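What follows is calculated from the coordinates using simple rules that are stated; it is not laboratory data. As the structure is a prediction and not an experimental result, all values here were calculated from the model. Cβ atoms come from the backbone with ideal geometry, glycine included; neighbour counts cover every protein chain shown.
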């Protein structure tokens, strides 16, 4: 009997501890950006396999997040997402989602470009599961495909993201992708979503994922093109001291895998713009020898817009 009473008291203590942190809905709204691709900006998921969080009881959300973090509840996607959440983060997220309306109308995305990629939206994409060039990659393509399930909601099943703010990974060199994953894990490259996703990845996992995405076929770019961007890409700007992009990223924007320079052709324009502005501000700094930061700091907003329009149009 004493053991039972002690257990009950311990349970009550845990519950009280969990609820001791008061959530802030405004802070939760900001933090919820990392949840939006799967659960929707207001907690109404557009993907059948992911739950709606809108209107859910705050205490329940907190408990589930805590269980995902501790491993008491197992899910390969939620485990890395919850790994870096503090008790305050969980309380804030719960406070935000618990006051959102459950109305079905909010499940309709106001902008197709931000809607998560579903299996039906992806259409009949051709997934490459093996390659005769396997020896070129440290990772295993088939193993990478299996591990890429956790990447699909943002980057697409074949690495061709339909969400403008996320990069296409299809066709990107394996060495570059593996480096970015390692940098996200080490903190050398900072992103709240990716930090959680890579937390549980081993170097082997990173190599496998990189090998898988490297052999997928990238879709054509949707950029509108730009004559000014074309001139900057191929000739730079002597007066501003801007180096031509073609020197590292190639005539067709395919990059230089052996030198570690990424492919840019057909990349999502919104993503490219974010990276250039991040290099310019210094908030991204994992470029080799400050190369991108030294160039981007000389680019005006107009220069970036024109370059992005051109690079995202490359085939």
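In this simple spin-label model, placing a label point 7 Å from the Cα along the Cα-to-Cβ direction at both residue 252 and residue 143 gives a separation of 3.1 nm.
The residues 303, 227, when put in order of fewest to most other Cβ atoms within 10 Å, stand as 227, 303.
Under the simplified labelling scheme, the residue 231-residue 101 pair shows an inter-label distance of 5.1 nm, with each label point 7 Å from Cα along Cα→Cβ. Where a ≥ b ≥ c are the square roots of the eigenvalues of the C-alpha gyration tensor, would you call the stretch 227-311 rounded, which needs a/c under 1.5, or, failing that, prolate if a/b is larger than b/c, or oblate? In terms of gyration-tensor shape, rounded. The alpha-carbon atoms of the stretch 127-214 define a convex hull whose volume equals 82 cubic angstrom per residue. Compute the separation of the alpha-carbon centres of the stretch 206-238 and the stretch 153-171 and state it in Å as a whole number. Using only Cα atoms to place each centre, the spacing works out to 13 Å. No solvent, one uniform scatterer per C-alpha: report log10 I(q)/I(0) for the stretch 170-245 via the Debye equation at q = 0.12 1/Å, two decimals. Scattering profile of the stretch 170-245, log10 relative to I(0): -0.54. Here each label is just a point 7 Å from Cα along the line to Cβ, and for residue 72 and residue 22 those points are 2.5 nm apart.
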